Amino acid sequence: MEYVNVDLRHDNHKVGINYWHMEFTTKYRYKMFGKYKYKSLIEACIRKVAYNHNIEIHILNVMPEHIHLLVTVPKGMLDEKAFQLLKGASSYYFFKNHEKARLRYPKGHLWSRGGCAVTVGYNQFSETEQYILKQAEHHALA
């Protein structure tokens, strides 16, 4: 298990934390990431997109049909933009590296519309971290 060190970020005129708990699901809740190789592939795709757009991933937990992330977005980026980048580009890279997935999703829409993005405060950090890390137990997959 990985644990995140909660440090305050110092900007020009403010000090604080900027953590987001994000969750999004596959379209129709298909269990696309049940196999280890597809789970690893989507994790690599998401990490690549995050790196390219300066989104810092603290925790990433891939379940068979949904993803949980604890991220810090760059200053000035809205959660909607982070969702758009993470979902759109990870879908593109996933289909590029796993062409047979197009049989299930012929229109190329890997992720369902929307998702969940919640800011994580300093006091809720440890509970959110445990919730993300224990998803396999929560869904009785462990």
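The values are calculated or read from the model by the stated rules, or taken from the named source; none is laboratory data. Computed from a predicted structure; not experimentally measured. Reconstructed Cβ throughout: ideal geometry from the backbone, glycine too, with neighbour counts over all protein chains shown.
Taking His21 as the residue in question, decide whether it is surrounded by 13 or more Cβ atoms within 10 Å (Cβ to Cβ), modelled with pLDDT of 95 or more and either within 11 Å of the chain's Cα centre (by Cα) or not in a helix (DSSP H, G or I) (or both).
Considered against the rule, which asks whether it is surrounded by 13 or more Cβ atoms within 10 Å (Cβ to Cβ), modelled with pLDDT of 95 or more and either within 11 Å of the chain's Cα centre (by Cα) or not in a helix (DSSP H, G or I) (or both), His21 comes out as yes.
Tell me which of these Tyr38 doesn't satisfy, since it passes every other one: (1) crowded, with 17+ Cβ neighbours inside 10 Å; (2) of a type outside the set (Gly, Ala, Ser); (3) under 12 Å from Ser90 (Cα atoms).
Unmet condition: (3).
With the condition kept exactly as written, say whether any residue in region 91-113 is of a type in the set (Lys, Arg) and within 13 Å of the chain's Cα centre (by Cα).
Taking every residue of region 91-113 in turn, none turns out to be of a type in the set (Lys, Arg) and within 13 Å of the chain's Cα centre (by Cα).
Would a scan of region 41-59 turn up a residue that is buried (at least 20 other Cβ atoms within 10 Å of the Cβ), part of a loop (DSSP other than H, G, I, E, B) and in contact (Cβ under 8 Å) with a residue 12 or more places away in the chain?
The answer is yes, given that some residue of region 41-59 is buried (at least 20 other Cβ atoms within 10 Å of the Cβ), part of a loop (DSSP other than H, G, I, E, B) and in contact (Cβ under 8 Å) with a residue 12 or more places away in the chain.
Please go through region 70-91 and give me each residue that is farther than 20 Å from Gly108 by Cα and not acidic (Asp, Glu), ordered by number.
Leu70, Val71, Thr72, Val73, Pro74, Lys75, Gly76, Met77, Leu78
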